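Report on the structure given below.
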Amino acid sequence: MNFDLATLKIRIGVTDTSKDVNLTFAMELVIALLEDYLDRKLSKADDTEKFIHFAASVVSLHRYPLHSIASISGSNEKFHWSEVTGLVHFDHHVTAHELTVVYNGGFETLPQDLIFAALQLFDAIWDDVDGGSSSSVAAGSISRITLQDVGTVSYATGNSNAGGSLLQSAGVIPATVMGIIDSYRRVLC
Amino acid sequence: MLSSADRKKFRDAQKQVLDLLGVPAVWTQVKAPKATSSVTVGFKTASWQDEELINAFGIGAKVLTVKVSDIAVIEKFDAFVISGERYTIDSVMPVHINGELVFWKCFVRGK
């Protein structure tokens, strides 16, 4: 399963193209929200980062896992890089007025847990993105549901922070999503 | 009409009620290819509160609620085996949420 338009259309039960514009916006919004929270870029692409008045021995890049480093200008120091963490380690301390790193990084395919988190976040924002004009139901959880001739189930009331998590939601991002994506936050050094 | 998101929300919640409170059953198709399937169904016996049901189907009539996602088509004379008892369907009614078919209500005649 990927986090793409086809998956989202199945998720909301739409078979035509009437929601494509809103779905595409919601999809991009979810990725943007995740990237803002994680302070990193997720999709695989070429990227260039500049560091002004750089004085350190380690550079933390935003788009990783790293696949390749095309060039580092502003320093001749030898370096090593970590694919998983996006860190570039110089052999010695480097000072540079402007350090430019040209590289390729990011996920070719999002890991399954990130896809799951993205889908959960999509569920949280979709009603607002889609307008919600045709329903008077609040975007929160259902507290009680009755199926005639079967029975009634009442759910524990509360916000999205319920479920045993000690985390608080970060704005629009539910706490359950945060619990999944926290391990992907960018390493700072 | 509900939005797609709300419709999915309520549809999933109602399905969860059935999953939580339903009983295991084995469906047997009466016509060829005489398919069978193990499903979870809502099971209710008509009581004094279901006057119209009793008038239509008799005392002790049963109401079985089945998800369309479990069994796409249920017809008269199909049967469900629940705890060793065989219940033959007398009538099938659709249950919709807005325009979407979600459940089958199957009625078993009583006495």
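Descriptive notes on the structure:
- Nearest-0.05 FRET efficiency for A:Leu188 and A:Asn2, computed from C-beta distance (R0 30 Å): 0.55
- Average beta-carbon neighbours from other chains, 10 Å sphere, peptide B:5-15: 6
- Counting only DSSP H runs of at least 4 residues, each contributing -39500 (n - 2.57), and dividing by the residue count of chain B, the helix-based mean residue ellipticity at 222 nm comes to -7000 deg cm²/dmol.
- GNM result for chain A, Cα springs below 10 Å: residue of A:Thr95, A:Thr152, A:Thr17 fluctuating most strongly: A:Thr152
- Qualifying GluC sites (Glu not before Pro) in segment A:1-90, DSSP loop, other Cβ atoms within 10 Å at most 12: A:Glu83
- Considering the protein assembly as shown, its Cα convex hull presents a mean projected area of 21.6 nm².
- Interchain or long-range residues, amide H under 5 Å from B:Ala61's placed H: B:Ala46, B:Gly110, B:Lys111
- For chain B, a simple Cβ point-charge model (Lys and Arg +1, Asp and Glu -1, everything else neutral) yields a dipole of about 200 debye relative to the Cα centre.
- With Cα atoms, 0 to 90° folded angle of helix B:4-21 axis to chain B main axis: 30
- Between A:Leu87, A:Leu99, A:Leu110, the Gaussian network model of chain A with springs among Cα atoms under 10 angstrom shows the greatest mean-square fluctuation at A:Leu99.
- Cβ-Cβ distance of A:Tyr155 and A:Asp39, R₀ of 41 Å, FRET efficiency by 1/(1 + (r/R0)^6): the value works out to about 0.75.
- Whole-number percent relative contact order across chain A, with pairs defined as alpha carbons under 8 Å at least 6 apart: 23
- Cα-projected label distance for B:Trp48 with A:Asn22, points at 7 Å along beta-carbon direction, nm: 4.9
- Annotation for segment B:49-88: GluC sites (Glu not before Pro) lying in DSSP loop with at most 15 further Cβ atoms inside 10 Å of their Cβ are B:Glu75.
- Measuring r between the beta carbons of B:Glu100 and A:Lys78 and using R0 = 51 Å, the FRET efficiency lands at 0.20.
- Helix A:112-129 axis, angle to chain A major axis (alpha carbon atoms, nearest 10°): 60
- Relative contact order computed over segment B:20-94 (Cα-Cα under 8 Å; 6+ residues apart), in percent: 31
- Each DSSP beta bridge with both residues in segment B:42-103 is either parallel or antiparallel, and the antiparallel ones are about 100%.
- Chain A: most fluctuating residue of A:Ala96, A:Ala45, A:Ala117 per GNM, C-alpha cutoff 10 Å: A:Ala96
- Ignoring the sites themselves, chain A has its longest run without trypsin sites (Lys or Arg not before Pro) in a DSSP loop having at most 13 other Cβ atoms within 10 Å at A:79-184.
- Set of lysines near B:Lys105 by C-alpha distance (under 18 Å), chain-local residues within fewer than 8 positions excluded: B:Lys15, B:Lys44, B:Lys62, B:Lys67, B:Lys76
- For the protein assembly as shown, the residue among B:Ala5, B:Val73, A:Val88 whose Cα projects farthest onto the positive side of the dipole built from Cβ charges is B:Val73.
A short reminder: the numbers here are calculations on the coordinates, not readings from a lab. As the structure is a computational prediction, the values presented were derived from the model and not from experiment. Please note: Cβ atoms are built from the backbone with ideal geometry, for glycine as well, and neighbour counts cover all protein chains shown.
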